[in-house]
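Note sheet for the following structure.
The values are calculated or read from the model by the stated rules, or taken from the named source; none is laboratory data. Note that the structure is a prediction, hence the values are computed from the model and not measured. Quick reminder, even Gly has a Cβ in these numbers, built from the backbone with ideal geometry, and neighbours come from all protein chains shown. What goes into the accessible areas is simple: the full protein's heavy atoms, side chains included, and nothing from ligands, DNA or RNA. Shrake-Rupley method; radii C 1.70, N 1.55, O 1.52, S 1.80 Å.
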Amino acid sequence: MEYQILHPSVTDGVMVLTISRPQALNALNSLFFTEMDHLLSHLPQEVKIMVITGEGKAFVAGADISEMVDKSQAEGEAFSLAGQAVFRKIEQLSIPVIAAVNGYALGGGCELAMACDFRIASTLATFGQPEVNLGIIPGYAGTQRMSRLIGKGNALYLMMTATMISADEALRMGLVQKVVAPELLMEETLKIAKTILSKGPTATKLVKEVVNLGLAMDFDAASKQEAQRFGSLFKNEGEVGMRAFLEKRKPTW
Ligand code: CO8
């Protein structure tokens, strides 16, 4: 498939996926979801980690309002469910996915960033869930991800007041993990990607899997899932890593 909005580029196992519709501040339209769904289902084997960013002054300024305005109730619900399914695919990818947030991450854009494993932000980034300004609510599971990520009080504060916050404020709330100068955003994000790629590949995969799985389970059942995966690494990648430590050398995975 020829992509119009998505610009993927792969170097040394890292795919940098740029969302490129800058004339609409990268607002998410139906074509974006068609392309994203296709890309997620056809990721080349060589891709070991993904970085999602936006072209221009926005990461993503939300769902495309012009596509939503005329929808019926049933269409609105279907639109929400379809978008949720694509974001869930991102969240459940077996490879790590990092959001490199270069600018506005509003509404569906903040929800997209939250569907990634974690977020690195430029000092120019702005975050918010301004849906109530439009008389709607987040629809890509932002109500659920945000309250789990930053707690109910912070999430309801942002979603009820539509306040837009700076990258530093987002860092304080735990919505982003690191804030860097705009010109260093990609360099720093790629450095983090390389760090992850240097670790036990099955271990990094399992840690993502069990954190996501566990968030939807009760504590004891989730801890059992952790123990099962912990055990699966013995006489396996875990032995390679632990033996290398004891022999004071770097592991070869
Ligand atoms: N949808 C469609 N077009 C947009 C959007 C958007 N979300 N955001 C910006 N644009 C367009 C503008 O209309 C404008 O187009 P044009 O040049 O043709 O007039 C162009 O992008 C540039 O935007 P501005 O001129 O407004 O740029 P400014 O720098 O003045 O302002 C802002 C930047 C503050 C980001 C401003 O554009 C803005 O407030 N945008 C809307 C932000 C917003 O409300 N986002 C939430 C949208 S709702 C949502 O995301 C719900 C998600 C759940 C959906 C579930 C499925 C149903």
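The rows are residues; the columns are (1) outside any strand (DSSP E or B); (2) on the phi < 0 side of the Ramachandran plot; (3) near the ligand (Cβ under 10 Å from one of its atoms).
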| position | (1), (2), (3) |
| --- | --- |
| MET15 | no, yes, no |
| LEU31 | yes, yes, no |
| MET36 | yes, yes, no |
| GLU77 | yes, yes, yes |
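Yes or no, residue by residue, for (1) in contact with a Ser or Thr (Cβ under 7 Å, 6 or more places away or on another chain); (2) outside the structural domain of GLU131 (by TED's automatic domain parsing):
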{"site": "ALA162", "(1), (2)": "no, no"}
{"site": "GLY174", "(1), (2)": "no, no"}
{"site": "LEU185", "(1), (2)": "yes, no"}
{"site": "LYS208", "(1), (2)": "no, yes"}
{"site": "LYS224", "(1), (2)": "no, yes"}
{"site": "LEU233", "(1), (2)": "yes, yes"}
{"site": "GLY238", "(1), (2)": "no, yes"}
{"site": "GLY241", "(1), (2)": "no, yes"}
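Taking the range 216-244 only, how many residues are assigned to a helix (DSSP H, G or I), out of contact with any Phe, Trp or Tyr (no Cβ under 7 Å at 6 or more places or on another chain) and either modelled with pLDDT under 95 or not hydrophobic (A, V, I, L, M, F, W, C) (or both)? Of the residues in the range 216-244, 13 are assigned to a helix (DSSP H, G or I), out of contact with any Phe, Trp or Tyr (no Cβ under 7 Å at 6 or more places or on another chain) and either modelled with pLDDT under 95 or not hydrophobic (A, V, I, L, M, F, W, C) (or both).
Taking every residue in the range 134-153 that is in the same structural domain as ASP117 (by TED's automatic domain parsing) and pairing it with any residue that is among the aromatic types (Phe, Trp, Tyr) and buried (at least 18 other Cβ atoms within 10 Å of the Cβ), at least 6 positions away or on another chain, the pairs with Cβ-Cβ distances below 6 Å are TYR140/PHE87.
For the range 6-32, the set of residues classified as surrounded by fewer than 19 Cβ atoms within 10 Å (Cβ to Cβ) and within 21 Å of LEU81 (Cβ to Cβ) consists of ASN29, SER30, LEU31, listed by residue number.
Suppose we keep only residues that are assigned to a helix (DSSP H, G or I) and closer than 12 Å to THR53 by Cβ within the range 94-135. Which one would you say is farthest from the chain's Cα centre (by Cα)?
Kept after step one, since they are assigned to a helix (DSSP H, G or I), are these residues of the range 94-135: 108-115, 130-134.
Among the residues that remain, those that are also closer than 12 Å to THR53 by Cβ are: 109, 112-113.
Working: GLY109: 10, LEU112: 6, ALA113: 4 Å.
Here the residue is GLY109.
Of everything listed in (1) more than 12 Å from the ligand (Cβ to nearest atom); (2) in contact (Cβ under 8 Å) with a residue 24 or more places away in the chain; (3) within 15 Å of the chain's Cα centre (by Cα), the single unmet condition for LEU206 is (3). Residues of the range 56-67 that are within 7 Å of the ligand (Cβ to nearest atom), open to solvent by less than 70 Å² (accessible area, probe 1.4 Å) and without any contact (Cβ under 8 Å) to a residue 60 or more places away in the chain: ALA58, ALA61, ASP64.
Would a scan of the range 162-171 turn up a residue that is open to solvent by 80 Å² or more (accessible area, probe 1.4 Å), in contact with a Phe, Trp or Tyr (Cβ under 9 Å, 6 or more places away or on another chain), within 16 Å of the ligand (Cβ to nearest atom) and not in a strand (DSSP E or B)? Give the derivation first.
Applying the first criterion (open to solvent by 80 Å² or more (accessible area, probe 1.4 Å)) to the range 162-171 yields 164, 168.
Among the residues that remain, those that are also in contact with a Phe, Trp or Tyr (Cβ under 9 Å, 6 or more places away or on another chain) are: 164.
Now drop any that are not within 16 Å of the ligand (Cβ to nearest atom), which leaves 164.
Cutting the leftovers down to not in a strand (DSSP E or B) gives us 164.
Checking the range 162-171: at least one residue is open to solvent by 80 Å² or more (accessible area, probe 1.4 Å), in contact with a Phe, Trp or Tyr (Cβ under 9 Å, 6 or more places away or on another chain), within 16 Å of the ligand (Cβ to nearest atom) and not in a strand (DSSP E or B).
Quick one: how many residues across the range 136-161 are open to solvent by 70 Å² or more (accessible area, probe 1.4 Å) and either within 8 Å of the ligand (Cβ to nearest atom) or not in a helix (DSSP H, G or I) (or both)? Here the count works out to 1.
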